[in-house]
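The values are calculated or read from the model by the stated rules, or taken from the named source; none is laboratory data. All values reported here derive from a predicted model rather than from experimental measurement. All Cβ positions, glycine included, derive from the backbone under ideal geometry; neighbour counts span all protein chains shown. Ligands, DNA and RNA are stripped out before the accessible areas are found, and what is left, the full protein with its side chains, is counted by its heavy atoms. Shrake-Rupley method; radii C 1.70, N 1.55, O 1.52, S 1.80 Å.
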Amino acid sequence: MRTWKNVLAGLMALCMIPMIPAAAARSEITLDWQSSGDRRAELRLTGLEDSVYAVQLEVTLEGRCEEVSFSPDEEDAYSPECRVTEEDGKTVVYVYLVSRAPLNGGSRLILGTLQADGALPGPSEAWVTLLDRELKPLPEADQAEIALRGGGTGGSSSESGYRVRLEQPEHGTLRASPTWAEEGETVTVTVRPDAGYTLDTLEAEDLSGDTVRLREKDAWRYTFTMPDSQVVVTASFQKGGSAEWNLPFTDITPEDWFYEAAGYVYQNGLMLGTTETTFAPQVTTNRGMIVTILHRLEGAPAAGTGGFTDVPADMYCASAVAWANANGIVNGYGNGKFGPRNTITRQQLAAILYRYAEFKGYSTGSRGDLTEYADSTAISAYAEEAMSWAVGNVLLFGDQAGLLSPQAGATRAQAAFALTGLCLDLAETD
């Protein structure tokens, strides 16, 4: 019986020929070469526009090199042994990679790691052919010469930085923000155990195998300082529940991913239950309530009227809305209305929290890569910066299908998680 790898390997074999330089204009695609020491380099492509299912890459190295191997980044991808030839004292390496699912996430494609038994010279030129789902060459990258970035020991010094690679464990997930970072930049790793599990071990290593120190930020987040290479983060989980908050709610348990956040907002008086015994984590919240929470966080300062026709002076959130409007935290819909009873969307939540962070003087420079999410184009223009900030600081995150759902209503669990992250970050800067 022929497996999909057998079939694809046969198709890729048709491409295993040296590339002939095409007369087409230089592509906008770039090969990032990030090396550690003198024997290993991580390869990635940036500037992609289409979904890529297969890659043929030809890289010319400045010097002789023997016994070169390639390890793909994607476990489900197939890559035959890379081919190496010598031409005029230089080494030409041919890398082939194919998958039945898209290899790239947005504009970036992590190929994998090139390793040599001896010294691995830096690249002088590179050519690429990218193939679509039908394994037909994409017009903009069919035997195209591509730009190079990096090549020196320690990797690329470009603004894109180094990769944070997460090896997802059983019984839980890991998330990093940012997923690419400059040397010296702080990276936050968020740990999410599955129901009934807790974190057992969490480790980080650089490309040379040296340990990268992790610092505990709170119950589920850890930070490290980015070295001058990629970092690999691994974790393991064990049976057991989370720390107890002694909460009165019967509809949440210590195994829920938002449990710590629910405990934090309840114990600090930011969010109450919907009844004395229910938190209602999956119920959406509204715009008036979120602004009221931020107003509480500030100690409920006095404020005048908000100027919105749908927020009467005797409404529970009137002072909060007036305060938020006066400080540029909310703007309303632009028609004299605020919509206090309207369900707050995830992108509206991000925008309000972002403006509040600016109001507090909190650093808002960290950003996440929205193109990693399949529905990033659904984000409204006004919220793009705020959503990037919220994702970059792990206040909001996508689901397992790679969706951010910016237009969906924010649940109480999601709001609690975002508020807790924001409060803990603010507390750190005091």
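Points worth noting:
- The residues of region 187-221 that are of a type outside the set (D, E, K, R), under 15 Å from Arg165 (Cα atoms) and in contact with a strand residue (DSSP E or B) (Cβ under 7 Å, 6 or more places away or on another chain), listed by number, are Val187, Thr188, Val189, Thr190, Val191, Leu202, Ala204, Leu207, Ser208, Thr211, Val212, Leu214.
- Matching residues in region 55-70 - criterion: being more than 20 Å from Leu148 (Cα to Cα) and assigned to a strand (DSSP E or B): Ser69
- Within region 88-131, the set of residues being part of a strand (DSSP E or B), farther than 16 Å from Glu28 by Cα and of a type in the set (A, V, I, L, M, F, W, C) comprises Val92, Val93, Val95, Leu97, Val98, Ile110, Leu111, Leu114, Ala116, Leu131.
- Residue ID - modelled with the lowest pLDDT, chosen from residues in region 164-179 that are open to solvent by 30 Å² or more (accessible area, probe 1.4 Å) and touching a Lys or Arg at 6+ places or on another chain (Cβ under 8 Å): Thr179
- Odd one out for Gly155, checked against (1) more than 19 Å from the chain's Cα centre (by Cα); (2) modelled with pLDDT of 85 or more; (3) not hydrophobic (A, V, I, L, M, F, W, C): (2)
- Test: residue in region 293-315 that is at pLDDT 90 or above, open to solvent by less than 10 Å² (accessible area, probe 1.4 Å) and in contact with a Leu (Cβ under 6 Å, 6 or more places away or on another chain): yes
- Region 318-332: number of residues that are in contact (Cβ under 8 Å) with a residue 24 or more places away in the chain and open to solvent by less than 10 Å² (accessible area, probe 1.4 Å): 5
- Leading residue by the ranking (nearest to Gln230 (Cα to Cα)) among those in region 71-87 that are of a type outside the set (Gly, Ala, Ser) and assigned to a loop (DSSP other than H, G, I, E, B): Asp73
- Looking only at residues of region 70-129 that are without any contact (Cβ under 8 Å) to a residue 40 or more places away in the chain and open to solvent by less than 50 Å² (accessible area, probe 1.4 Å), we find that the one that is farthest from the chain's Cα centre (by Cα) is Gly89.
- Filter result for Thr284 (open to solvent by 40 Å² or more (accessible area, probe 1.4 Å), touching a Ser or Thr at 6+ places or on another chain (Cβ under 7 Å) and within 17 Å of Ile344 (Cβ to Cβ)): yes
- Qualifying residue in region 221-234 (condition: without any contact (Cβ under 8 Å) to a residue 12 or more places away in the chain, out of contact with any helix residue (DSSP H, G or I) (no Cβ under 8 Å at 6 or more places or on another chain) and open to solvent by 60 Å² or more (accessible area, probe 1.4 Å)): no
- Of everything listed in (1) within 24 Å of Leu297 (Cβ to Cβ); (2) touching a Leu at 6+ places or on another chain (Cβ under 9 Å), the single unmet condition for Gly365 is (2).
- Residues of region 37-69 satisfying the condition of being surrounded by fewer than 23 Cβ atoms within 10 Å (Cβ to Cβ) and of a type in the set (Gly, Ala, Ser): Gly37, Gly47, Ser51, Gly63, Ser69
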